[in-house]
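Only the coordinates and a few stated rules stand behind these numbers; no lab work does. As the structure is a computational prediction, the values presented were derived from the model and not from experiment. Heads up, the Cβs are rebuilt from the backbone with ideal geometry, glycines too, and the neighbour counts pull from every protein chain shown.
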Amino acid sequence: MKDFNNKVAAITGAGSGIGRALAVNLARAGCHLALSDVNAEGLQQTAEQVHGSGVNVTTTVLDVSDQAAVYAWADQVVADHGRVNLIFNNAGVALSGTVAGLSLEDYDWIMGINFNGVLYGTKAFLPHLEAAGEGHVINISSVFGLAAQPLMSGYNAAKFAVRGLTESLRQDLEVSQSCVSCSCVHPGGIKTNIARDSRSSDSAQKLTGQNAEEAAKEFEKLFITTPDKAARVILKGVQKNSRRILIGPDARVLDWMVRLFPTAYQKLFIRMIELSRKKAGRKKHIRAQDCR
């Protein structure tokens, strides 16, 4: 797909971050938009930002973990716009904690959104993309769909699953000579609210010495790429029909690290947790002295 003008794109998680930036950039390119998000307020703000772009925009409050709702939305998009050419399965959440410390309900929650939401979006829209005669599926994984890290087993499991699903789908589409293609996106640290909106168990705090707010602030220091830059890289990757789209220098470094040190890279992440715990301990010691 070389041109987005007069195409129709559906975007999940469009109420903020990468989803909002995709909507803005696609609208500038003349692409009609079907936007969805679980956050009605954020969704409305995105719609207001693209208002006046000369493209048709529809909005739907949507929980991507609800299979029936996702399928109904896909049908509604076609009813509203006449066709759909692109589906950006972008909605996602974060969860931290040890495997022992997280509950099965925690895993169900993150897999329901980060993996099932992508699966439902892919399955629901694929027949419509093929009916349009030209289409592309864009599934958002993560750098942590390339490498695992401590305390993020649920997030890693979901993002690795998205990668596996998308890479297999790409091969299915090529073998069947479909008019649809797909790309798997691996963003590095993007300046979004995902860290602050994440869930965390006490087990994460015990290992890092940081509460959820402190951990979020520390993690956000690694966010070096803007959502707008991420969106532009994604859209360029779609135009190039890229199989894998890496976003940010951190994503490229981590990709090569895993290639060169497929298991040894884990020691680096362990060391980072150890340093974080020591740093948190020093801060608590200083605060305790100040209170005396």
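Apply the Karplus parameterisation 6.51 cos²θ - 1.76 cosθ + 1.60, with θ equal to phi minus 60°, to every residue of region 245-261 and state each ³J(HN,Hα) to the nearest whole Hz, in sequence, with x for glycine and proline.
Listing the rounded values in order: 10, 9, 10, x, x, 5, 5, 5, 5, 5, 4, 5, 4, 5, 5, 7, 10 Hz.
Which net charge results for the neighbourhood of Ile234, defined as the other residues with beta-carbon distances under 12 angstrom from its beta-carbon, given Lys and Arg at +1 and Asp and Glu at -1?
That works out to +4.
Using the per-residue mean of other Cβ atoms lying within 10 Å as a proxy for protection, in what order, highest first, do the peptides 14-22, 146-154, 238-246 fall?
Packing proxy ranking, top to bottom: 14-22, 146-154, 238-246.
Just the number: Rg to Rh for region 126-199, Cα atoms, Kirkwood Rh, two decimals.
1.08
Tell me, what ³J(HN,Hα) does each residue in region 114-119 have, in order and in whole Hz, if you take phi through Karplus 6.51 cos²θ - 1.76 cosθ + 1.60 with θ = phi - 60° and put x for Gly and Pro?
These are the phi-based 3J(HN,Hα) values: 6, 10, 4, x, 5, 4 Hz.
Which entries in the list Lys7/Lys123; Lys7/Lys191; Lys2/Lys229; Lys123/Lys229 go over 26 Å, if you measure between the two C-alpha atoms of each?
Lys7/Lys191; Lys123/Lys229
Arrange the following residues from fewest to most other Cβ atoms within 10 Å of their Cβ: Cys184, Cys31, Cys179.
Cys179, Cys31, Cys184
So, with +1 on the Cβ of K and R and -1 on the Cβ of D and E, and no other charges, what is the size of the charge dipole of region 33-117 about its Cα centre, to the nearest 20 debye?
For this selection, approximately 320 debye.
With +1 on the Cβ of every Lys and Arg and -1 on the Cβ of every Asp and Glu, and nothing else charged, how large is the dipole of region 66-187 about its Cα centre, in debye rounded to the nearest 20?
The dipole magnitude comes to about 260 debye.
Count charges around Arg20 for me, please; just the other residues with Cβ under 11 Å from its Cβ, Lys/Arg as +1, Asp/Glu as -1.
So the surrounding residues net to -3.
Assigning unit charges at the beta carbon (Lys, Arg +1; Asp, Glu -1) and nothing else, what dipole magnitude in debye, to the nearest 20, does the chain show about its Cα centre?
In total the dipole reaches around 1560 debye.
Taking every pair of distinct Cα atoms and averaging 1/r, then inverting, what Kirkwood hydrodynamic radius in Å comes out for the chain?
Across the chain, the inverse of the average 1/r is 19.7 Å.
Count the net charge of all other residues whose Cβ sits under 15 Å from the Cβ of Val50, scoring Lys and Arg as +1 and Asp and Glu as -1.
Combined, the nearby Lys, Arg, Asp and Glu give 0.
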